[in-house]
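Okay, structure first, notes after.
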Amino acid sequence: MSENSANSRYLVKQLLDRIEEKRPLIQVVAGPRQVGKTTLCKQILSKTKIMSQYHTTDAAINVGGGDWIDGVWEALRRSMKLTQAGEALLVIDEIQKIDNWSEFVKKNWDSDRFNGINIKLIILGSSRLLIKQGLSESLFGRFELNVLGHWSYSEMRDVFGFTPEQYAYFGAYPGAVAFVGDEIRFKEYIHDSIIESVVSKDILQLTQVNKPALLRQLTNVGISYSSQIVSFNKIMGGLDDSGNTTTLSHYIQLLDEAGIVSGLQKHSEKSIVQKRSIPKFQVHNQSLFCALQPYSYPEIVADCPVWGRFVESAVGAHLIAEKSRLRNCQIGYWRQTEGRNTYEVDFIFEYNGKMLGIEVKSGAGRGRFKGFGKFKEHFPEAMTLILGKDGMPWEEFIAGKIENLFD
């Protein structure tokens, strides 16, 4: 990844500002695999003027995990003492690989605070599953969470020259760009290095999963049905392993936290209706959707119905990336059945107490937007937006910042 690509990530300045504070909290950088967390921190190391050390937990495999944390921490303390440095920065990458890592971080952090040693700490971990492995309990009140989401279209455009169509098809993993000229290799890379690695390393090794085979099947189903509303009951009929809706709902939550696929909930003023709603599957990165499709890029672009699904899914992936950047927002969909008629709005984006209904027009016939009328009856204060024909170009939408629509 180039110098400019790392600088385009929105957290660089924020982290630099925070570690320059006199007594900053622990800075946690969490996000999916292959989005540039390590590169981001190496850029920070190259820019900071204070003493700093970077370590990856890969070196802890043959050493007791907690003892390894104690060791690198103590080595930095001795370096500070030797050079009479008043402050230093310690960066630990892939922290979630060490069992009970939070207890050892807490011990060293609290010891430094008690003894007046000013070691500033950045820890990196794959996915929000990191939070469940100690942040909320052991390090309560000691950290700030920085979520690094998937790359946006504008970043892929600025760094790699991607067109909107390439973003909608190939997605936004910077490490996979080198393979876009060979689609077989590209799809194998995404499947083996992203999907399988997340399932086997970020989920199965960090959480208790009673049915690993079911999780893998659901992963493929959720990705393949991106931008579609599908009930868990219907899904169970096509799965080899047995399960129930509660199990599937839990597994989708794990996949969401790991940055793979979400089960968007139906928007409703009643929380119980949201929780019991049929999920709308949505990948976090279009590369995942592409990897499980049997089509090639030229075939997809020429096939209007299938291409429409790619565009709608790309809009959803963009919304998830915006949610990671803004954080104080929610994404869902809206659906209402009255008699034989069903009214839908593709996406509902809530930001700072305001609501935006988004419909992606992919060439369907008349009546496709009748859902807006019913939606406005229930939520008259909401804004609405059509993307595509007779509305805002979807290419323009994914290139912008959604908060500007709420001004």
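Just so you know, all these numbers are worked out from the coordinates, no wet-lab data involved. Note that the structure is predicted; figures quoted are calculated from it, not measured. Ideal geometry is used to build each Cβ from the backbone, glycine not excepted, and the neighbour counts take in all protein chains shown.
Each of Leu25 and Leu45 was given a label point 7 Å from its Cα along the Cα-to-Cβ line. The distance between the two points is 2.5 nm.
If the Kirkwood radius is taken over C-alpha pairs of region 153-406, then at 25 °C and 0.890 mPa s the Stokes-Einstein diffusion coefficient equals 130 µm²/s. Once the dipole of the chain is set up with Lys and Arg at +1 and Asp and Glu at -1 on Cβ about the Cα centre, which of Ser154, Asn404, Phe289 lies farthest towards its positive end? Towards the positive end, the residue furthest out is Asn404.
One way to sum up the overall shape of region 298-356 is the equivalent ellipsoid from its Cα gyration tensor, whose semi-axes run 24, 21, 6 Å, largest first. Taking 0.36 nm per residue of sequence separation and removing the Cα-Cα distance, the Thr207/Lys81 pair yields an extension gain of 41.4 nm. Legend: ranking of residues Asp182, Asp70 from fewest to most surrounding C-beta atoms inside 10 Å; resulting order Asp182, Asp70. The lysines whose alpha-carbon is closer than 16 Å to the alpha-carbon of Lys266, local same-chain residues fewer than 8 away aside, are Lys275, Lys280, Lys374, Lys376. Comparing His318, His378, His284 in a Gaussian network model of the chain where C-alpha atoms under 10 Å apart are linked, the largest mean-square fluctuation is found at His378.
For the pair Ser111 and Glu137, a Förster radius of 25 Å applied to the C-beta separation gives a FRET efficiency near 0.85, rounded to the nearest 0.05. Using the alpha-carbon atoms, what tilt in degrees (0 to 90, nearest 10) does helix 304-326 show relative to the longest principal axis of the chain? Helix 304-326 sits at roughly 40 degrees to that axis. By the rule of a C-alpha distance below 28 Å, with chain neighbours fewer than 8 residues away ignored, the lysines paired with Lys107 are Lys22, Lys37, Lys42, Lys49, Lys81, Lys97, Lys120, Lys132, Lys201.
With each label modelled as a point 7 angstrom along the Cα→C-beta vector, the Asp99-Lys234 pair spans 4.4 nm.
Over all alpha-carbon pairs in region 3-147, figure out the percentage whose distance exceeds 26 Å.
Cα-Cα pairs of region 3-147 separated by over 26 Å account for 18 percent.
Legend: ranking of residues Asp256, Asp407 from fewest to most surrounding C-beta atoms inside 10 Å; resulting order Asp407, Asp256.
Modelled label positions at Tyr10 and Ala302, each set 7 Å beyond Cα in the direction of Cβ, lie 3.9 nm from each other. As a length-normalised measure over Cα pairs under 8 Å and 6 or more apart, the relative contact order of the chain settles at 14 percent.
For Ser249, Ser277, which order do you get if you count the other beta carbons within 10 Å of each Cβ and list the fewest first?
Ser249, Ser277
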